[in-house]
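First comes the structure, then the notes that go with it.
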Amino acid sequence: QVQLVESGGGLVQPGGSLRLSCAASGSINNLYAMGWYRQAPGKQRELVATIRSGGSTNYADSMKGRFTISRDNAKNTVYLQMNSLKPEDTAVYYCNAVPPSQGGWGQGTQVTVSS
């Protein structure tokens, strides 16, 4: 089972940017698709962005044009560049395969957007 460790979260003002990283303990090359998910307080976890092994991507509607997902298979790392952040982006962000592996959830990284 590949372990995933998220990092890069923090407190940022509205309109600011953050870059999240997801480091895998093993190779992610055999995982067809990786994704970033988020869970806001009192809400269900949702899929934010997906990247397939060939590099194609998908985003939830509210993230299009603001978030960019990328992967570096050589480093076994997936990234999420988040720009133009809004207070409603406040959540714990997780990475996992798509569809998610139940054993693949890490601790996540907290993103708080507030002035």
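Quick notes on this structure:
- If R0 is 25 Å, the Cβ-Cβ spacing of A74 and S115 corresponds to a FRET efficiency of close to 0.05.
- Less than 5 angstrom separates the built amide H of G10 from those of V111, T112, all sequence-distant by 5 or more or on a different chain.
- Segment A97-T57, length gained on full extension (0.36 nm per residue, minus Cα span): 13.1 nm
- Computed from phi, the 3J(HN,Hα) profile of segment 11-24 under the Karplus parametrisation 6.51, -1.76, 1.60 (θ = phi - 60°) reads 9, 9, 7, x, x, x, 10, 9, 10, 8, 10, 10, 9, 9 Hz, with x in place of Gly and Pro.
- Between S7 and Q107, the contour length at 0.36 nm per residue exceeds the alpha carbon distance by 35.1 nm.
- For R71, the amide hydrogen comes within under 5 Å of the amide hydrogens of Y79, counting only partners 5 or more places away or on other chains and with H modelled in the peptide plane.
- Whole-percent carbon and sulfur share, accessible surface of the chain, 1.4 Å: 47
- Accessible surface, per residue, of segment 34-96 when the full set of protein chains is kept, probe 1.4 Å, Å²: 47
- Relative contact order, percent, the chain [alpha-carbon distance under 8 Å, six or more residues apart]: 38
- Under-5 Å amide H pairs with V98, H placed in peptide plane, nonlocal only: A33, M34, G35
- Cα gyration tensor category, rounded, prolate or oblate, for segment 43-112 with a/c compared to 1.5: oblate
- Computed from phi, the 3J(HN,Hα) profile of segment 108-113 under the Karplus parametrisation 6.51, -1.76, 1.60 (θ = phi - 60°) reads x, 9, 7, 10, 10, 10 Hz, with x in place of Gly and Pro.
The values are calculated or read from the model by the stated rules, or taken from the named source; none is laboratory data. Bear in mind the structure is a predicted one, so any value in this text is a computation, not a measurement. Note: ideal-geometry Cβ built from the backbone for every residue, glycine included; neighbour counts use all protein chains shown. Keep in mind that these areas ignore ligands, DNA and RNA; they rest on the heavy atoms of the full protein, side chains included. Shrake-Rupley method; radii C 1.70, N 1.55, O 1.52, S 1.80 Å.
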